[in-house]
Amino acid sequence: MRKRGMPGGDASRRLIDQAARSFDAELHTGDYGKTHSDAGQLAWMVSKLCTGAPRRVLDLGTGNGYVAMAVASHAPKSFVTGVDVAQQAIAKNKDAAASRQLSNVEFQPCDGITLPFPDERFDGVASRYAFHHFPRPDVTLPEIRRVLRPGSRFVLADAVREDRDDVDFINAFQKLKPDGHVEMLRSADLIEAIQQHGFRLEAQLRTALTFDRTVNRKYEDLIRITPDAVLNAYALSLENELIKLTFPICSAVFVKHESPH
């Protein structure tokens, strides 16, 4: 597997600051909610996290609280902690939880690199559409493993690079928007990266996400030099000054090994 780039401290901070600014502005808009909602995927994730007795669940990169509040609603005797770099969004999540009378969920800011929790604090960790923004997965994955109890689940969903994308178009495209994007891996590489940090793959779900971006010269120039076969892999189209793309989504359940090796 090709080794993923791992930015240093200053680069990581710049990416985190970019992500915070971008997602504070977007996470609670109607367009974001409409584009990123997926009832079937959400139900699948919740079912994997809410098993057995009351549980403590961490939602890493909680965004607008989509997964955290769903878990809190589904399992009222459990307790959910949602963390994110977007502090304004966190404040709005607190208001949304209060309006829904959810007393078993909390939200707090976190850089997503190291986790401010004791060892084996959680019975489950969720992360949806955040992994490709993690600037230091070499640090974050061991941290996820550390805060999980043995035998517990890490439930991940993330956009991935198309297998047919042999020019890495999607990462070049994503980096044209300053939102802290780091890298979308191919599905097999994403799964392998997580398994290397003491997790066993238990289940998978494949879905897709369609979104749009406003056309500008940089996007046009990139599209112009990209082979049609790659553009077709993402079902790219131009409509009314909008670029439409479809990402494959890899959702997977991992179980923490007793030993990291």
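In this structure, does residue 172 turn out to be in a helix (DSSP H, G or I) and over 23 Å from residue 41 (Cβ atoms)? In short, yes. Figure legend. Inter-residue proximity from segment 244-257: first residues in contact (Cβ under 8 Å) with a residue 60 or more places away in the chain, second residues of a type in the set (S, T, N, Q) and not in a strand (DSSP E or B), beta-carbon distance below 8 Å, spacing 6+ or different chains. Indicated pairs: 248/187; 249/41; 250/187; 251/41; 254/195.
As a summary of the residue check, residue 115 satisfies the conditions (1) assigned to a helix (DSSP H, G or I); (2) touching a Leu at 6+ places or on another chain (Cβ under 8 Å); (3) within 29 Å of residue 10 (Cβ to Cβ) except for the one numbered (1).
Listed here are the residues, each with its yes/no results for (1) within 30 Å of residue 155 (Cα to Cα); (2) among the hydroxyl-bearing types (Ser, Thr, Tyr); (3) in contact with a strand residue (DSSP E or B) (Cβ under 7 Å, 6 or more places away or on another chain).
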position	(1), (2), (3)
192	yes, no, no
205	yes, no, yes
226	no, yes, no
233	yes, no, no
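Of all the listed residues (213, 206), the sole one being part of a strand (DSSP E or B) and surrounded by fewer than 13 Cβ atoms within 10 Å (Cβ to Cβ) is 206. Do the conditions hold for residue 245, that is, is it touching a Phe, Trp or Tyr at 6+ places or on another chain (Cβ under 8 Å), under 28 Å from residue 142 (Cα atoms) and of a type in the set (A, V, I, L, M)? Considered against the rule, which asks whether it is touching a Phe, Trp or Tyr at 6+ places or on another chain (Cβ under 8 Å), under 28 Å from residue 142 (Cα atoms) and of a type in the set (A, V, I, L, M), residue 245 comes out as no. Could you tell me whether residue 79 is over 20 Å from the mean Cα position of the chain (by Cα), among the aromatic types (Phe, Trp, Tyr) and on the phi < 0 side of the Ramachandran plot? Criteria met by residue 79. Restricting segment 23-62 to residues that are among the hydroxyl-bearing types (Ser, Thr, Tyr) and part of a loop (DSSP other than H, G, I, E, B), the residue that is nearest to residue 253 (Cα to Cα) is 51.
Being within 22 Å of the chain's Cα centre (by Cα), among the aliphatic types (A, V, I, L, M) and not in a loop (DSSP other than H, G, I, E, B), is that true of even one residue in segment 216-233? Break it down into steps so the answer makes sense when it comes.
First, pick out the residues of segment 216-233 that are within 22 Å of the chain's Cα centre (by Cα): 233.
With the extra rule that they be among the aliphatic types (A, V, I, L, M), the set shrinks to 233.
Of the ones still in play, those that are also not in a loop (DSSP other than H, G, I, E, B) are 233.
There is at least one residue in segment 216-233 that is within 22 Å of the chain's Cα centre (by Cα), among the aliphatic types (A, V, I, L, M) and not in a loop (DSSP other than H, G, I, E, B).
Rule-based calculations on the coordinates, nothing more; no lab input. Note that the structure is a prediction, hence the values are computed from the model and not measured. Here the Cβ is made from the backbone with ideal geometry for all residues, glycine too, and neighbour counts use every protein chain on show.
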